[in-house]
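Colleague: Okay, handing you the structure first.
The values are calculated or read from the model by the stated rules, or taken from the named source; none is laboratory data. All values derive from a computational prediction rather than experimental measurement. Here the Cβ positions follow ideal geometry from the backbone for every residue, glycine too, while neighbour counts run over all protein chains shown. Heads up: the accessible areas ignore ligands, DNA and RNA and are worked out on the full protein's heavy atoms, side chains in. Shrake-Rupley method; radii C 1.70, N 1.55, O 1.52, S 1.80 Å.
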Amino acid sequence: MGAIYTNIQSTKQVRQLSRVIPDVSTSESWLRVAYMKDPGQSAGNMSFMLNGAGGYGSDPVALSNDIIQVQARGITTDSASGLTTAIVNNHLQHTSIGDSNVASYRFGLVPITKSGNATVDFYVYLAIQAYTSGMSIALLSNSPNYAIFYTDEGLESTEPTGIVYATKYRAYSDKYPTGSTV
């Protein structure tokens with residue numbers, strides 16, 4: 001017997017945007033995941049989950065599940081003199097649940113320059129190392145006026161100009177980035 005859903009107020013509660021990420025073969029690739037812009041005083045955020053990430057031939061039990069939260073509010077002011085890792089870490093939180101030592105992927109922000117635009121717009125990119133397969137990504141929540149989740153972008157073979165990567169943290173400790181010793 002299937003699940004019975006009660007208190008459903010809109011189709012958005014039932015439908016979830018997700019996509020399978022194309023397998024990466026012999027060299028690192030990049031996938032544009034989202035577009036965001038600084039919302040001024042409004043909410044401008046997006047949350048999504050990445051799962052199935054592991055190196056080539058990984059044991060399915062050891063695969064990672066990650067939660068990524070991006071907050072665009074205030075990024076224009078914060079990045080007035082350039083985007084840095086510290087600024088990216090304030091606006092993009094990447095938390096790994098499961099095998100946090102999987103180093104086959106990472107997230108970063110790429111600022112978009114638009115003439116006459118006083119605010120900072122940016123892309124959220126996923127960098128995927130070679131020989132990674134079986135990953136998918138799902139949108140959990142977003143601010144529709146300030147964030148767009150891409151479901152049809154293809155892999156890019158060159159690193160985006162200006163990308164700054166966020167630090168990936170373990171779910172059980174916010175003090176130590178992935179790969180550090182405790």
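Colleague: Which one of the conditions (1) farther than 12 Å from Glu153 by Cβ; (2) surrounded by fewer than 17 Cβ atoms within 10 Å (Cβ to Cβ); (3) at pLDDT below 85 does Pro22 fail to meet, given that it meets all the rest?
Modeller: Going through the list (1) farther than 12 Å from Glu153 by Cβ; (2) surrounded by fewer than 17 Cβ atoms within 10 Å (Cβ to Cβ); (3) at pLDDT below 85, Pro22 breaks only (1).
Colleague: Between Gly108, Gly134, Gly98, which is modelled with pLDDT of 70 or more, touching a helix residue (DSSP H, G or I) at 6+ places or on another chain (Cβ under 9 Å) and at positive phi?
Modeller: Gly134
Colleague: A follow-up question, please. With (1) farther than 20 Å from Pro160 by Cα; (2) at pLDDT 80 or above; (3) open to solvent by 10 Å² or more (accessible area, probe 1.4 Å) as the list, and Gly55 as the residue in question, which single condition is left unmet?
Modeller: All conditions are met except number (2).
Colleague: Also, quick follow-up: Which of the residues spanning segment 108-160 are hydrophobic (A, V, I, L, M, F, W, C), outside any strand (DSSP E or B) and out of contact with any Ser or Thr (no Cβ under 7 Å at 6 or more places or on another chain)?
Modeller: Correct list: Ala118, Met135.
Colleague: Considering Ile68, Ile75, Ile87, which residue is modelled with pLDDT of 90 or more, in contact with a helix residue (DSSP H, G or I) (Cβ under 6 Å, 6 or more places away or on another chain) and β-branched (Val, Ile, Thr)? I'd like the intermediate steps shown before the answer.
Modeller: Numbers: Ile68 fails: in contact with a helix residue (DSSP H, G or I) (Cβ under 6 Å, 6 or more places away or on another chain); Ile75 fails: modelled with pLDDT of 90 or more.
Result of the check over Ile68, Ile75, Ile87: Ile87.
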